[in-house]
1. Just one of Asp88, Asp57 is exposed (fewer than 13 other Cβ atoms within 10 Å of the Cβ), over 22 Å from Gly163 (Cα atoms), at pLDDT below 90 and in the same structural domain as Asp159 (by TED's automatic domain parsing); which is it?
2. Could you say whether any residue in the range 314-328 is part of a helix (DSSP H, G or I), farther than 30 Å from Ala180 by Cα and touching a helix residue (DSSP H, G or I) at 6+ places or on another chain (Cβ under 7 Å)?
3. Within the range 14-38, count every residue that is closer than 25 Å to Val193 by Cβ and assigned to a strand (DSSP E or B).
4. Could you please find all residues in the range 338-368 being under 27 Å from the mean Cα position of the chain (by Cα), among the aliphatic types (A, V, I, L, M) and in a strand (DSSP E or B)?
5. Search the range 253-300 for residues being in a helix (DSSP H, G or I) and touching a strand residue (DSSP E or B) at 6+ places or on another chain (Cβ under 9 Å), and hand back the single one that is farthest from Val339 (Cα to Cα).
6. Show the residue pairs that are 6+ apart or on different chains and have beta-carbon atoms under 8 Å apart, the first residue being within the range 2-20 and on the phi > 0 side of the Ramachandran plot, the second being loosely packed, with under 14 Cβ neighbours inside 10 Å and in a strand (DSSP E or B).
7. Tell me, please, whether a residue that is within 19 Å of Lys199 (Cα to Cα), without any contact (Cβ under 8 Å) to a residue 60 or more places away in the chain and of a type in the set (A, V, I, L, M, F, W, C) can be found in the range 46-59.
8. Mind checking which residues of the range 369-412 are among the charged types (D, E, K, R), farther than 17 Å from Asp225 by Cβ and under 29 Å from the mean Cα position of the chain (by Cα)?
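The values are calculated or read from the model by the stated rules, or taken from the named source; none is laboratory data. The model shown is predicted, which means the values in this text are computed figures rather than measured ones. Here the Cβ is made from the backbone with ideal geometry for all residues, glycine too, and neighbour counts use every protein chain on show.
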Amino acid sequence: MPAGSKLFYTTASKQTAGKAERGRARLLEFWVTRQGADSSAHVILRSSTTEYRVTEDGKRTESKPGIGWAYCDIYPDGRVADNSSLGDIDPKPLFVPLPADTVAAKQGWDRLDTAREESYHHRLDNKTLTDSIWLIREGVETPLDAAYQLSRSALVYLDTRRGLPVLRESKGTQAAGAGAGEATGTSKLDSVVRFDTVKARPLLTDLETYFRADSAYTALVDRADADSLDRLLAQAETVLMDARLRVADTSLQGLIEDALVRHGRIAEYYRHEAESKPALEGKPAPDWQLEDFAGKRQTLKGFCGKVVLLDFWYVDCPWCMRAMPKLNALAERFRGKPVAVLGMNTDDSIAAAREVLERMKITYPSLKAKDVYKQYGVTGFPTLFVIDKKGVVRRVHVGYSKDMEETLAATVEQLLSGK
């Protein structure tokens, strides 16, 4: 993709569940602004997206077109360098990585998306590698596959002469959970034209300012915690306000205005979370008497002398599903030591919860704990409590994080050592 190229892709996707349907149509533009010494292409992405919904009774609603901007570097082998601007405008599904050599091309090759913790498996259908169009079959594995019985695949048509994907067709099914249904999508290259990089320079300069502000803003919000919440949120708001004054493009000014409005809601949410976070650290954990999914009665007092980790979860919580394999690993790590990992399920449907536990091969016990979360002040899921050998809560971990296994393990190790 030489500098000064502009690529236009049209995409359409829909998800159906019974008679209900939702989807979106998008025009996605790739503006190649420069090429790096490593042959990478620095790309500005502009999207114009319209979303719609159809209810079970056939009522249709449609959004106004929404404009979004992002940037990335794309390499000749199809790799896309990730960054915080991409978000929903992510070209990685379209620009699949290419095989490293002819052996990989014939046998298949993989890509791990560490940000989403997903694995992509690729296979070339062509009989000869000299074909001008490669048909690449893609399969996807995610941490949610077992819980929700997910299946996702795609076909990508790659023009080898231009090094560009010209068509992507995807499909997926979900057999369990609240989102059960089918999904389909297409992305098609419509045209490639030239644009004047000199005339576009003022806008590109404004975009660089916008992206730097967005990156700095995201970093500040991500660092916000109870001890520095107000200070970092105020700094994040200042970053947006400064960017609004420095850009001349009115559409970007509008996007920053929208971001400031969202920031108000984000700040309110963070403060609410900080105020409502379970205030049990350093206090005795509320006792309970519950039945586990094997039919055995359990009490918290029965685990006296052990470090206990309670995980409050429910079936239709994707982040809970992502956390459970890490808790499986924790249970295995501390096998034979005075440590108990316990799932605290809050679902009405015991059958649905049992199916998830079986499909995910959860090895630690889960308890039927429908209303116990209220005693613990849980307002978000998953929420995990680490309780010491004397029954005192020593740590509360709210939400999912990729490093939660190591973070929780460190806390457990400290408590085992008496610290």
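1. Criteria check complete, one pass: Asp88.
2. Scanning the range 314-328 turns up no residue that is part of a helix (DSSP H, G or I), farther than 30 Å from Ala180 by Cα and touching a helix residue (DSSP H, G or I) at 6+ places or on another chain (Cβ under 7 Å).
3. Of the residues in that region, 12 qualify.
4. Answer for the range 338-368, where residues must be under 27 Å from the mean Cα position of the chain (by Cα), among the aliphatic types (A, V, I, L, M) and in a strand (DSSP E or B): Val341, Leu342, Met344.
5. Result: Gly254.
6. Note: pairs meeting the criteria are Gly4/Arg194.
7. no
8. Those that are among the charged types (D, E, K, R), farther than 17 Å from Asp225 by Cβ and under 29 Å from the mean Cα position of the chain (by Cα): Lys370, Asp371, Lys374, Arg394, Lys402, Glu405, Glu406.
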